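Reviewing the structure listed below.
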Amino acid sequence: MIRFLFGRPGYGKTYTMIREIASLIQNGHQRIFLIVPEQQAFSSERDVLSELPAKAGRWLSVLSFSRLCDSVADLYGGRTTATVTRSMKSLLMWENLREISGMLETYTGSSSMDSSLTQKMLSTVEDLKNNGVSSATLERAAEHLDESSPLRGKLRDLALVSATYEGLLTQVYGENPADRLALTADQIEKHGFFQNTTVFIDSFTSFTAQEYAILRLILKQASNVTISFGCSSRYPTEPQFESIKDTIHRLTQSCEDLGVEFEDVYLTKSHRTNSPELSVLEKELWSFDLTPEQRIIPPVDQRGSIQTILCSSPYDEALAATLHILELVNQGVAYSEIAVVVRDTAAWEGILDATFEQYHIPFFFSQRTSLSEKPAVRLILSALRCISRKWQIDDIMMLCKTGLLGIHSRELDSFAEYVDTWKLSSKRMLDTAWSMNPDGYTVDISPRAQAILQDANRVRETVMAPLVELEDQIRTAGTVTEQCRALYDYLCKLDIKRRLSLQAEEYLSLGQVREAGEQVRIWSFLVETLATISAVMQEATPLKPDELFTALSLIFADTNIGSVPAQHDCVTIGSAATLRVDHIKAMLVLGLCEGEFPQATRDDGLLTEQDKETLADLGLELDSRSARLVSDELLYVWRTFSKPSDKLILSFSGATADGQTRAPSSAFTRVKY
């Protein structure tokens, strides 16, 4: 029997599943699975098992789809596929486009320095893969289009890129790791992995084509399956449920195709909040079809759970949030029961954390920091840019400002003043020594000028000696591996590992635990990145300095450093798109400005909506990413507003940090009575 379990946030879907799992274990069932999204597999396992008997782990497996792949491979063999990170996919796609650019029609002659095309092509190819569209299917679709159609050439290019990219993945990793789910599905079907099992599937909004293939096997093989959906019925009308509606339709169609019985179960009561205000907001936030007369407005004496604040700037928003948190704590709310949510955490870094530190509020900033923002990474990229652009002064200054060359700020100021005084060209960076008077065209040299001259020469020598050696090694290297070795030697000569350790100690002394942890791990990331490039591109011809710059930029931009909370009782700060928190009494939502939260959306792929309509006419259905992205943005807002049990505080600022006027978003204005 298949059950579709419907219930809005806080209505007890997960609790219902836990209760049923406990009953199954008590009655002797020994093969039970709970499948959850990747990002919450660990927390779900912890929370679910804590509610069950001590030995429940013997019979219950809490899995994500990747964990399922591991479990199946451990049982039947085949756990040899390496995991490919997003950064490695970007590198492989870049190398792929570099090799075949001359064979393309629409995208022919694409520059090897064009990282934006790499990302768009990767996004499109992965989207096609998730929709189960092969390169052969694209070729056949192209043949049905007129020779003059721009889409024809685009499809032929995508078919070629997709096929060669898959081949490159197979060449590097032995088999395409993107096919891991397909291989798992084959094993599940062959061995009947889910026969005589009970399966619970919780907290998903959508699935990929390969995940649907596994779900069909679960529906076919398992004795009982329960799938939860975060809406009140199978036909929700609110716009935030577009992805969920499509998922319900597809799974229902699968049940009918397989001839398995299914039933709907509805949870109708909220167990999260007793606040009439919060309950009404959860139900009506995006109900655009309601007239003003139809909207429920709680009586005045039942209000107070929702508060809206207009601030003059993001800094004032951060201060207002701080003061509200202190007030909540004084009222007995624990820091761990408070969450602060924004749409883009990067935009609030240096604002929220600085204000919380000033008022001694313990917090955990739940975000992944891009490696490209770190000084050690900027040092490598700046060095390559100095080489590729022949020692331009701006590039030299960028390299010096990383703070990892042992150059004092006074010395750097002297260097900048000297270069500006004599309007030195990039070629002069290769001089053996500078002797021009820092005071200009005068014979006598003052003690101040002598100090500036010494500082300027020291900076030039410190920067240029290792750079010139690095340039020679990169240009004469016979392989990409030798080029990576040259970069590693450059870092070692500059003693970067020790300097990063010293910076970590300084962060620790200031109580900045997250920053200290990131500094400690950066050296390992750098070494692993160079080793990976060496392994992935061992057959490639040596790269030009500007190509090496682009390749490393792609990897660093897609490599993030995560962290874990340093203490238990702290406020959690995170993005509405990724934050997963439970048992929250008070939620503060900041930055509810037009275009920021909900975020303005754009489709990063190469196929336009018109292209997809044309393909649909040819019988090739692709998801409308634009419509789904808009719906998902509304879902993020609704999910955030539905989280707290007691208090929801919403704010927006009428101007940006640099004074540009902003308007409140619909998420803010629709809350007001």
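The values are calculated or read from the model by the stated rules, or taken from the named source; none is laboratory data. Given the structure is predicted, the values throughout are model-derived calculations rather than measurements. All Cβ positions, glycine included, derive from the backbone under ideal geometry; neighbour counts span all protein chains shown. Surface areas here come from the heavy atoms of the whole protein model, side chains and all, with no ligands, DNA or RNA. Shrake-Rupley method; radii C 1.70, N 1.55, O 1.52, S 1.80 Å.
Element breakdown for segment 494-609 at a 1.4 angstrom probe: carbon and sulfur atoms account for 52% of the accessible area. The smallest convex shape that holds all Cα atoms of segment 110-242, its convex hull, gives 182 Å³ per residue.
On a 0 to 90° scale, report how tilted helix 209-221 is relative to the longest principal axis of the chain, with both axes built from alpha carbons and the result rounded to the nearest 10. Around 30 degrees separate the two axes. Share of Cα-Cα pairs in segment 309-361 beyond 16 Å, in percent? Tail of P(r) above 16 Å: 41 percent of Cα pairs. Counting only protein chain heavy atoms and rolling a 1.4 Å probe, the accessible areas of Phe556, Phe262 rank, largest first, as Phe262, Phe556.
With all protein chains kept in place, the per residue accessible area of the chain amounts to 46 square angstrom at a probe of 1.4 angstrom.
Accessible surface for Trp391 stands near 10 Å², nearest 10, in the context of the full protein assembly shown (1.4 Å probe). I need the P(r) histogram for segment 205-263: all alpha carbon pairs, bin width 10 Å from 0 out to the longest distance, whole percents. Computed distribution, short to long bins: 21, 55, 23, 1.
Summing Cβ point charges (Lys, Arg +1; Asp, Glu -1) relative to the Cα centre of the chain gives a dipole of roughly 1160 debye.
Each 10 Å bin from 0 upward holds the following percent of the Cα-Cα pairs of segment 595-666: 16, 31, 28, 17, 8, 0. In the frame of its principal axes, segment 509-607 has Cα extents of 58, 46, 23 Å, reported largest first. The convex hull drawn around the Cα atoms of segment 165-297, when projected onto a plane and averaged over every direction, covers 11.9 nm². The accessible-area ordering, largest first, of the residues Leu290, Leu554 stands as Leu290, Leu554, per a 1.4 angstrom probe.
Dividing the helix sum by the residues of the chain, where each DSSP H run of 4 or more adds -39500 (n - 2.57), gives a mean residue ellipticity at 222 nm of -16000 deg cm²/dmol.
Of all beta bridges that DSSP places with both ends in the chain, some 10 percent have antiparallel geometry. Hydrodynamic analysis of segment 1-144 uses the Kirkwood radius over alpha carbon pairs. Inserted into Stokes-Einstein at 25 °C and 0.890 mPa s, it gives a translational diffusion coefficient of 125 µm²/s. The H on the amide N of Cys311, modeled in the peptide plane, is under 5 Å from the matching H of Phe652, Ser653, Gly654, each at least 5 residues off or on a different chain. Tell me, what is the 1.4 Å probe accessible area of Tyr335, in Å² to the nearest 10? Looks like 40 Å² after rounding.
Taking N as the residue count of segment 249-327, its C-alpha radius of gyration divided by 2.2 N^0.38 Å amounts to 1.78. The angle separating the long axis of helix 115-130 from the principal Cα axis of greatest extent in the chain is about 20 degrees. Working note: Debye formula, equal point scatterers on the alpha-carbon atoms of segment 371-506, no solvent; log10 I(q)/I(0) at q = 0.09, 0.10, 0.22 Å⁻¹ is -0.29, -0.36, -1.35. Taking semi-axes √(5λ) of the Cα gyration tensor in Å as calculated from this structure, the corresponding entry among [x] 63, 29, 20; [y] 48, 35, 25; [z] 45, 26, 23 is [y]. Taking the alpha carbon gyration tensor of segment 26-99, multiplying each eigenvalue by 5 and rooting it gives semi-axes of 35, 15, 7 Å, largest first. Each residue was assigned an accessible area with a 1.4 Å probe, and for Glu45 the value is about 60 Å². For segment 111-153 versus segment 598-643, the spacing of their alpha-carbon centroids is 18 Å. Cross-link pairs exceeding 28 Å in C-alpha to C-alpha distance, out of Lys89/Lys643; Lys129/Lys190; Lys120/Lys190; Lys129/Lys154, comprise Lys89/Lys643; Lys120/Lys190.
Under the combined filter of DSSP loop state and at most 16 neighbouring Cβ atoms within 10 Å, segment 563-666 retains these trypsin sites (Lys or Arg not before Pro): Arg580, Arg602. Largest accessible area first, the listed residues Glu189, Glu277 line up as Glu189, Glu277 when surface is computed with a 1.4 Å probe on the assembled protein chains. By accessible area, using a 1.4 Å probe on protein heavy atoms only, segment 1-142 has 49% of its surface on carbon and sulfur. With Rh defined as the Kirkwood radius, the inverse of the mean 1/r over Cα pairs, the Rg/Rh of segment 537-673 is 1.09.
Using only the C-alpha atoms, the convex hull of segment 430-539 corresponds to 133 Å³ per residue.
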